[in-house]
């Protein structure tokens with residue numbers, strides 16, 4: 001009925017082809033979106049910021065009372081094994097922990113058996129190839145991002161209906177994707193990306209009600225190395241329109257110029273110098289060591305990640 | 001790895017056992033909680049308020065740009081067939097439409113092939129048997145329900161992390177389940193149920209930021225028949241504590257007395273007269289015709305619901 005991208009998955013303790021990677025329709029991860037996840041990418045055979053992604057994944061799971069059935073080094077080994085089996089040099093590698101199913105279908109989440117899933121698929125871009133040069137057209141939606149009083153955005157989560165409806169709003173405005181406000185005139189984030197504004201050489205990114213993105217964090221570290229000042233603070237929607245440059249950050253594309261906001265262009269409508277310099281530095285960081293990147297081949301293969309007899 | 005309740009499912013056009021009912025881990029219904037659903041129950045061999053559930057399901061799907069691949073009478077036939085195959089006299093019957101998967105794993109929801117799923121499992125209760133007499137202990141959580149500015153609550157959705165975290169709050173307070181506020185001092189709803197308060201013979205239920213529950217609607221109709229006044233309006237958290245009676249409504253249990261709110265009892269801590277009379281009338285309505293109930297056997301079996309060669 002559906003076709004799937006190429007790739008490899010790890011579900012219920014077993015490696016399988018992506019087309020066979022399925023979860024029960026009764027899993028609370030589906031029926032209540034009661035799950036957390038993380039996505040790390042592989043570029044030229046190296047994981048980027050793997051430790052930061054594992055830290056966030058394990059912290060997210062703990063915050064919502066989910067128990068990952070694998071130790072940290074086992075998770076790393078499973079992810080590496082997935083990339084090897086899929087045969088990708090560039091990959092998008094997702095790890096998920098769901099509440100799972102209660103054998104009695106009890107409604108009490110404490111009765112459920114938590115489920116770990118991971119998969120590797122080809123590296124995915126938010127940007128189309130031409131947009132990597134020209135920049136992305138983003139529309140500001142009237143929909144407010146789910147607030148931190150309701151769902152803790154530092155727990156990476158699948159509560160995306162606001163973002164998906166924002167995408168439909170954006171399509172109606174002729175844009176490719178959206179940015180949501182907090183309902184009080186401030187910028188939050190878009191579907192899978194954080195937002196930065198550059199004005200008079202200073203950079204700012206929203207502080208509250210947003211995912212603490214790993215690419216966001218990487219961008220802040222790299223801007224620091226470039227001696228560019230970066231502030232995490234409330235960013236008003238008007239600042240998007242008045243900015244010298246706007247860029248987005250995501251594992252699915254890295255640092256991405258944003259050159260149109262709703263009906264207007266950002267400055268002259270071309271990617272600016274801070275964005276361009278940061279993009280170059282960002283991709284250069286993919287071959288650095290020191291916690292920035294590690295070769296897939298250098299991840300120790302331990303425990304659960306060892307191939308089992310009969311594995312695909 | 002997991003055990004499943006008994007039951008029967010319909011996935012990708014085919015009937016199967018509940019243990020085999022699975023969706024791709026790449027389905028946006030899972031990865032973005034980009035889905036809507038409805039749950040109708042069967043009691044003594046009869047669907048209750050089936051038309052109202054089908055109306056809401058089809059309206060919800062349309063609101064979030066999902067296309068159900070079956071006509072309304074086909075959906076009814078599939079649900080009836082599921083109950084027959086499962087052999088249940090009492091059942092909890094869920095229908096789901098998800099965004100599905102894009103064959104290219106494009107991030108654009110318009111590229112995805114929407115997926116219809118349905119399943120029948122044994123009737124599930126929010127209440128334990130003893131709680132049907134004694135009433136439910138509910139804690140008010142500090143977490144705010146996801147607001148209607150972010151996600152339209154009239155589209156029945158799986159955005160439940162706020163409710164699940166509220167349940168953990170409730171367990172910490174010795175309660176069985178929770179009620180969330182709107183962050184501004186008003187009551188919203190609990191995990192899968194609407195809330196009503198009774199004071200001086202008058203009944204009120206929150207108007208905004210809540211699911212337009214079918215059992216909530218049934219309760220309002222039945223209270224009208226009992227000449228009891230019911231208002232849909234803002235209900236302050238203090239009203240819960242000062243109420244003569246509190247009750248909850250859900251497909252998973254019907255009308256349910258709430259006799260404890262956080263540390264205190266509701267009035268004398270026993271189910272009150274309005275609640276008790278409404279419970280009786282609610283269950284009596286399960287044998288009424290006129291849109292209230294219909295025998296599973298009386299649902300015409302059409303189109304997709306006809307058993308196919310090789311079906312389980």
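Filtering region B:179-188 to residues that are under 23 Å from residue B:39 (Cα atoms) and free of Cβ contacts under 8 Å to residues at least 60 places away in the same chain leaves B:180, B:188. Residue-level analysis places residue B:120 outside the set of residues that are under 17 Å from residue B:294 (Cβ atoms), assigned to a helix (DSSP H, G or I) and away from every other protein chain (no Cβ under 11 Å).
Yes or no: region A:270-277 includes at least one residue that is in contact with a strand residue (DSSP E or B) (Cβ under 6 Å, 6 or more places away or on another chain) and without any contact (Cβ under 8 Å) to a residue 60 or more places away in the chain. Looking for residues that are in contact with a strand residue (DSSP E or B) (Cβ under 6 Å, 6 or more places away or on another chain) and without any contact (Cβ under 8 Å) to a residue 60 or more places away in the chain, one finds none in region A:270-277, hence no.
A quick yes/no check of all residues on (1) within 22 Å of the chain's Cα centre (by Cα); (2) at pLDDT 95 or above; (3) within 23 Å of residue A:218 (Cα to Cα):
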position	(1), (2), (3)
A:3	no, no, no
A:12	no, no, no
A:40	yes, yes, yes
A:55	yes, yes, yes
A:68	yes, yes, no
A:103	no, no, no
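Looking at residue A:102, is it touching a helix residue (DSSP H, G or I) at 6+ places or on another chain (Cβ under 9 Å) and under 22 Å from residue B:148 (Cα atoms)? No; evaluated as a whole, the condition is false for this residue.
Say whether the condition of being in contact (Cβ under 8 Å) with a residue 60 or more places away in the chain, surrounded by fewer than 22 Cβ atoms within 10 Å (Cβ to Cβ) and facing chain B (nearest Cβ under 10 Å) is met by at least one residue in region A:170-178. Among the residues of region A:170-178, not one is in contact (Cβ under 8 Å) with a residue 60 or more places away in the chain, surrounded by fewer than 22 Cβ atoms within 10 Å (Cβ to Cβ) and facing chain B (nearest Cβ under 10 Å), which makes the answer no. When you scan region A:120-132, do you find a residue that is crowded, with 24+ Cβ neighbours inside 10 Å, in contact (Cβ under 8 Å) with a residue 12 or more places away in the chain and not assigned by TED's automatic domain parsing to the domain that holds residue A:189, even just one? For region A:120-132, residues crowded, with 24+ Cβ neighbours inside 10 Å, in contact (Cβ under 8 Å) with a residue 12 or more places away in the chain and not assigned by TED's automatic domain parsing to the domain that holds residue A:189: present. Do we find a residue being under 27 Å from residue B:302 (Cα atoms) and more than 9 Å from chain A (Cβ to nearest Cβ) anywhere in region B:127-147? Looking for residues that are under 27 Å from residue B:302 (Cα atoms) and more than 9 Å from chain A (Cβ to nearest Cβ), one finds none in region B:127-147, hence no. Applying the criterion of being more than 21 Å from the chain's Cα centre (by Cα) and at pLDDT below 95 to the residues of region A:243-263, the residue that is farthest from residue A:95 (Cα to Cα) is A:263. Only one of the numbered conditions (1) crowded, with 23+ Cβ neighbours inside 10 Å; (2) touching a strand residue (DSSP E or B) at 6+ places or on another chain (Cβ under 8 Å) is violated by residue B:232, and that is (1).
Scanning region A:152-169 for residues that are surrounded by fewer than 24 Cβ atoms within 10 Å (Cβ to Cβ) and assigned to a loop (DSSP other than H, G, I, E, B) yields A:152, A:153, A:154, A:155, A:156, A:157, A:160.
Considering region B:150-164 alone, what residues qualify as being within 8 Å of chain A (Cβ to nearest Cβ) and out of contact with any helix residue (DSSP H, G or I) (no Cβ under 9 Å at 6 or more places or on another chain)? Across region B:150-164, the qualifying residues are B:161, B:162, B:163. Residues in region B:247-282 that are on the phi > 0 side of the Ramachandran plot and in a loop (DSSP other than H, G, I, E, B) were compared, and the one that is surrounded by the most Cβ atoms within 10 Å (Cβ to Cβ) is B:253. Can you find even one residue in region B:189-201 that is surrounded by fewer than 24 Cβ atoms within 10 Å (Cβ to Cβ), without any contact (Cβ under 8 Å) to a residue 24 or more places away in the chain and out of contact with any strand residue (DSSP E or B) (no Cβ under 7 Å at 6 or more places or on another chain)? Within region B:189-201 (the criterion being surrounded by fewer than 24 Cβ atoms within 10 Å (Cβ to Cβ), without any contact (Cβ under 8 Å) to a residue 24 or more places away in the chain and out of contact with any strand residue (DSSP E or B) (no Cβ under 7 Å at 6 or more places or on another chain)), the answer is no, since none of the residues qualifies. Selection within region A:100-117: residues that are more than 9 Å from chain B (Cβ to nearest Cβ) and part of a strand (DSSP E or B). The member of this set that is nearest to residue B:106 (Cα to Cα) is A:116.
The values are calculated or read from the model by the stated rules, or taken from the named source; none is laboratory data. Note that the structure is predicted; figures quoted are calculated from it, not measured. Don't worry about glycine lacking a Cβ; one is built from the backbone with ideal geometry, like all the others, and counts go over all protein chains shown.
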